[in-house]
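Nothing in this text is a laboratory measurement; each read-out follows from the coordinates by a stated rule. Quick caveat: nothing in here was measured; it's all calculated off a predicted structure. Ideal geometry is used to build each Cβ from the backbone, glycine not excepted, and the neighbour counts take in all protein chains shown.
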Amino acid sequence: MKTNKIRKIAFLAGMAAVLIYIAPACNKERNEEQLPVLQQDDFTGNEELVNRVLNFSQMAAELKDGKMQKSGEKMLIDNAIYYISATLNYIYCNHTAAYGKIHLDTITFSLPVIATEGKAYLVDALEGYNTAVEKVREKYMKINKTTRQLINIAFIDSEMNPTLKAVDLTFEIQTGTDNAPAIAAYGFFDVEEQYWWFRDTENCYNGNPTLGGAPNVLEQHILFKYKPVPPPNCRYWFPFTEPKDFIATDYEGDGVPDYFCDYKIFYAYGPVIEILTDTVQCLGLEANHPGIHEMDYYLNGLDEILSGFLANTGKSIATINIESRFETNVNNLSLVTIQHIPHLSYGKKMIMCWEVPNNDYPISIE
């Protein structure tokens, strides 16, 4: 393993997040001795987790205002990243907000660490959070949309800085824009619901651009099924999410290589004269395959893949974005690939409920 790489956060593989209790202490020695390790399952009704997130946010604000004295208090690097992620998501993200499109961007910032101990100073974690907020705000404000809402902020990667004194953290900002289309039921596409394979295009049966292309429509149906509205006076939220891309060729379809349902995720590779045709690029009904609607086929295929994956991880969907990618074979320019690549953010879904309506959070990052 290269020395300039840091392992991905251990609990990402399926362990519950480990948090370190943050509490005032009189001196450095007491700080390091009085930080009991708690598992996420120890929290009752998620209230303790939320209280700690709010406490972390308050300390970050005090540090920014110069009201917090620096101390020698330390925390594990994993825990620092978890707190930064959880606080960003609880304070600013509306994980169940409806949207028509999702805008993806990334931020990277450095967290000073004590590499020999696998720890970071609390004050540096708080400073890292403040830096992340400013970077997210800057990216968010550049989105020129009347309707916009932070949906999720996902942890992407961590690498040891070349100085060996800091870890460079990368997060993905997922912002929902535009109005969400009305979906009455999951699946069951009719003859008029046929869409170009490329996202943000239109219905290829009647030219209606309202819903966009096939990726946009498939996303909305997946969200309709996997992201229900929370109960009254409750909020669903994700403290920590990670990414997963699904590659079409890993999931064989009908077994007949004819550019029609070859895989459970849309994928077509071959001579450009055969691929870039209306028949291949319009996902719907074909005369040569009566009774099979491609939109239903790819929706059911993706649903099967996601349900199996989520069942194995015990996690839930935070967001999904289906990339539509066009590629030319560099060794033979007459061969092209068109495909969908579902990009999933998933994690442990939390629920917070109150006796009366509570609209304190999330707040706008503007």
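Beta carbons within 10 angstrom, averaged per residue: use that to sort the peptides 167-180, 121-134, 228-241, highest first. List each step's numbers first, then the result.
Values: 167-180: 19.7, 121-134: 21.2, 228-241: 17.6.
Packing order, densest peptide first, comes out as 121-134, 167-180, 228-241.
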Dipole magnitude of the chain about its Cα centre (Cβ charges: Lys, Arg +1; Asp, Glu -1), debye to nearest 20: 1440
Using Cα-Cα distances under 8 Å and only pairs 6 or more residues apart, what relative contact order does the stretch 195-353 have, in percent? 31
Cα centroid separation - the stretch 292-321 against the stretch 100-169, whole Å: 28
With the chain treated as a Gaussian network of Cα nodes joined by springs under 10 Å, which of L49, L335, L218 yields the largest mean-square fluctuation? L335
Cα atoms only: what Rg and Dmax, in Å, come out for the chain? 23.0, 77
In a Gaussian network model over the chain where Cα atoms closer than 10 Å are linked, find which of L54, L299, L150 has the largest mean-square fluctuation. L54
Residue with peak Gaussian network fluctuation, the chain [Cα springs, cutoff 10 Å], from F198, F326, F155: F326
Over the stretch 212-298, the quotient of the Cα radius of gyration and 2.2 N^0.38 Å is 1.41
Unsatisfied cross-links (Cα-Cα over 20 Å) in the set K227/K315; K244/K315; K244/K264; K264/K348: K264/K348
Using the Karplus equation 6.51 cos²θ - 1.76 cosθ + 1.60 (θ = phi - 60°), what ³J(HN,Hα) coupling, rounded to whole Hz, does each residue of the stretch 248-253 give in order, writing x for Gly and Pro? 3, 5, 7, 10, 5, x
P(r) of the stretch 91-228 over all Cα-Cα pairs, binned every 5 Å from zero, in whole percent: 2, 9, 15, 17, 14, 12, 10, 8, 6, 4, 3, 1, 0
Long-range amide H partners of N179 with built H, under 5 Å: G100
Partner aspartates and glutamates whose C-alpha sits under 16 Å from that of K119, ignoring same-chain residues fewer than 8 away, are E29, E32, E33, E73, D78, E127, E159, D168
Amide H contacts under 5 Å for Y263, placed H, 5+ residues apart: G253, D254
How much net charge surrounds L211 when only the other residues with a Cβ under 9 Å from the Cβ of L211 are counted, with Lys and Arg +1 and Asp and Glu -1? -2
Is any helix in the chain, taking whole DSSP H runs, at least 20 angstrom long along its axis by alpha carbon and on average at least -0.5 on the Kyte-Doolittle scale, and which ones? 47-64, 77-92, 122-141, 294-313
